[in-house]
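To keep things clear, I will list the structure first and then write my remarks on it.
Since every read-out is calculated from the coordinates, none of them should be taken as a lab result. Keep in mind that this is a model prediction, so the values were computed, not measured. Here the Cβ positions follow ideal geometry from the backbone for every residue, glycine too, while neighbour counts run over all protein chains shown.
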Amino acid sequence: MVWFPAARIDQLISEDVPYLDLTSEVLGVADQPGEMEYYTREDCVLAGVEVVKAIAKHLGCTVAEARADGDRVIAGESFMVLQGPASALHQVWKVGLNTFDHLSAVATKTRQMVDAAHAVNPRCEILTTRKSMPGAKDLLTLGVRAGGAWPHRLGLSETVLVFDHHMEFMGGFDAFLEQLPAIKARCVEKKLFVEAGEEQALRLAKAGVDGIQFDKIPVDRLAGLVGELRAIDPHLTLIAAGGINPSNVADYAATGIDGVATTAPFSAKPLDMSVRMRTKSA
């Protein structure tokens, strides 16, 4: 479960409800009791339930029914019912719908990739990269987890992953290899990963890195490379990245890699969802 502090819930609400529901006030229906039902017009994997629950409760609504994040919901099914005064229901309405539309789309696309990868290689995990919409990492991470994948790196403070940019400051690849024993000694509690091409990967495996990330290596060349690297170090963690999406993820997973780093779920098209509202006796 991804944690959302109260201030974050306030922020989500204030984007759509800076002050009040003016329309309900003008019509004189603000205090009338009612019920709102969220439903989907498309088959999907649901995400955003706990966030919308928090939004609803913060605005004075009661959660009468709710499915769970990660549930598969078919077109026409409802997945949450809220009760409360008309003004509160309308305040929750779009904030909640936008949350469900976007996060369930991410979860659904994520699940497609997870299922495709696991069908050919149950040990290959889908990992989403840091290339997410600024300011939305927590929401996107929730969607990714609901879809069955994992965040690759939540930030620079989390893992040690060396890129060619880093090596540039060290004098190049050969200079990096020379310093590798000292670098590994400093990674007492962390594994050392390096992004590399084909030739570099073989040298890195022999030098004793913990993991290698490949960027944009064609799948037909990757299969043979994985075999060579496993022969050098059977425990080496291998991750493929660059242009991997639902149409080719199974091909990459079938090479025997341990994980696929991808941004594809973040570009999922929002789903078609809606609400039904009705009055309710006090």
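Once you list every other residue whose beta carbon is under 15 Å from the beta carbon of Gly243, what net charge do they have if Lys and Arg are +1 and Asp and Glu are -1?
-1
Roughly what would the spin-label model give for Ser157 and Asp272, points 7 Å off Cα along C-beta, in nm?
Label-label distance for Ser157 and Asp272, simple model: 4.4 nm.
Let me have the relative contact order for region 120-265, percent, based on Cα pairs under 8 Å that are six or more residues apart.
28
Tell me, what is the percent relative contact order of region 58-122, built from C-alpha pairs under 8 Å that lie six or more residues apart?
30
Would you mind working out the magnitude of the charge dipole of the chain relative to its Cα centre, with +1 at each Lys and Arg C-beta and -1 at each Asp and Glu C-beta, to the nearest 20 Debye?
280
Between Ala175 and Arg221, 0.36 nm times their residue separation minus their Cα-Cα distance comes to what?
Going from the current span to full extension adds 13.9 nm.
Collect residues whose amide H, placed 1.01 Å from N in the peptide plane, falls under 5 Å from the amide H of Ala268; neighbours closer than 5 in sequence don't count.
The list, which skips near neighbours in sequence, is empty: none.
When you count, for each residue, the other Cβ atoms within 10 Å and take the mean per peptide, how do 247-257, 54-64 rank with the highest first?
Packing order, densest peptide first, comes out as 247-257, 54-64.
Can you work out ³J(HN,Hα) from phi for every residue in region 255-270, in order, using Karplus 6.51 cos²θ - 1.76 cosθ + 1.60 and θ = phi - 60°, giving whole Hz and x for Gly and Pro?
6, x, 5, 8, x, 10, 8, 8, 9, 3, x, 5, 9, 4, 6, x
Using the Karplus curve 6.51 cos²θ - 1.76 cosθ + 1.60 with θ = phi - 60°, work out ³J(HN,Hα) for each residue of region 18-25 in order, rounded to whole Hz, and write x for Gly and Pro.
Using θ = phi - 60°, the values come out as x, 9, 7, 8, 4, 4, 4, 5 Hz.
Among Phe79, Phe163, Phe266, rank each residue by its count of other Cβ atoms within 10 Å, from fewest to most, as a rough exposure measure.
Phe163, Phe266, Phe79
Evaluate the relative contact order of the chain (contact order divided by residue number), counting alpha-carbon pairs under 8 angstrom at least 6 apart; express in whole percent.
RCO, the chain: 23 percent.
Is there a quick way to get the dipole size of region 1-47? I mean about its Cα centre, with the Cβ of Lys and Arg at +1 and of Asp and Glu at -1; what is the value in debye to the nearest 20?
It comes to approximately 180 debye.
Quick check on the chain: of the DSSP beta bridges with both residues there, what percent are antiparallel, nearest 5%?
Antiparallel bridges make up about 50 percent of those DSSP assigns within the chain.
Below 14 angstrom from the Cβ of Lys94, what's the summed charge of the other residues (Lys, Arg +1; Asp, Glu -1)?
-4
May I have the extent of the alpha carbons of region 120-265 along their three principal axes, as whole Å values ordered from largest to smallest?
Cα spread of region 120-265 along its principal axes, largest to smallest: 42, 35, 24 Å.
Grab the Cα-Cα distance for Ala6 and Arg230, subtract it from 0.36 nm times how many residues apart they are, and report the gain in nm with one decimal.
Extra length available between Ala6 and Arg230 comes to 75.9 nm.
Count charges around Glu77 for me, please; just the other residues with Cβ under 12 Å from its Cβ, Lys/Arg as +1, Asp/Glu as -1.
Here the count lands on -2.
Assign unit charges at the C-beta atoms only (+1 for Lys and Arg, -1 for Asp and Glu), then state the dipole size of region 120-265 relative to its Cα centre in Debye, rounded to the nearest 20.
That gives region 120-265 a dipole magnitude of about 420 debye.
So, in Å, what gap is there between the alpha-carbon centers of region 84-114 and region 38-73?
One Cα centre to the other: 7 Å.
Take the alpha carbon atoms of region 142-163, find their center, do the same for region 205-282, and report the distance between the two centers in whole angstrom.
12
Taking the Cα of Met133, stepping 7 Å toward and past its beta carbon, and measuring to each backbone N in region 86-122: which are under 14 Å?
Hits in region 86-122 for Met133 at 14 Å: 95-107.
Between 0 and 90 degrees, rounded to the nearest ten: what's the tilt of helix 49-58 against the longest Cα principal axis of the chain?
For 49-58 against the chain, the angle is about 40 degrees.
Tell me, what ³J(HN,Hα) does each residue in region 226-240 have, in order and in whole Hz, if you take phi through Karplus 6.51 cos²θ - 1.76 cosθ + 1.60 with θ = phi - 60° and put x for Gly and Pro?
For region 226-240, the Karplus-derived couplings read 4, x, 4, 5, 5, 5, 6, 8, x, 9, 5, 8, 10, 10, 9 Hz, x marking Gly and Pro.
Please give the FRET efficiency for Arg123 paired with Ser78, using the beta carbon to beta carbon distance and R0 = 35 Å, rounded to the nearest 0.05.
Taking R0 as 35 Å, the efficiency between Arg123 and Ser78 is 0.45.
With unit charges on the beta carbon (Lys/Arg positive, Asp/Glu negative), name the residue among Ser132, Ala185, Leu238 whose Cα is farthest towards the positive pole of the charge dipole of region 120-265.
Ser132
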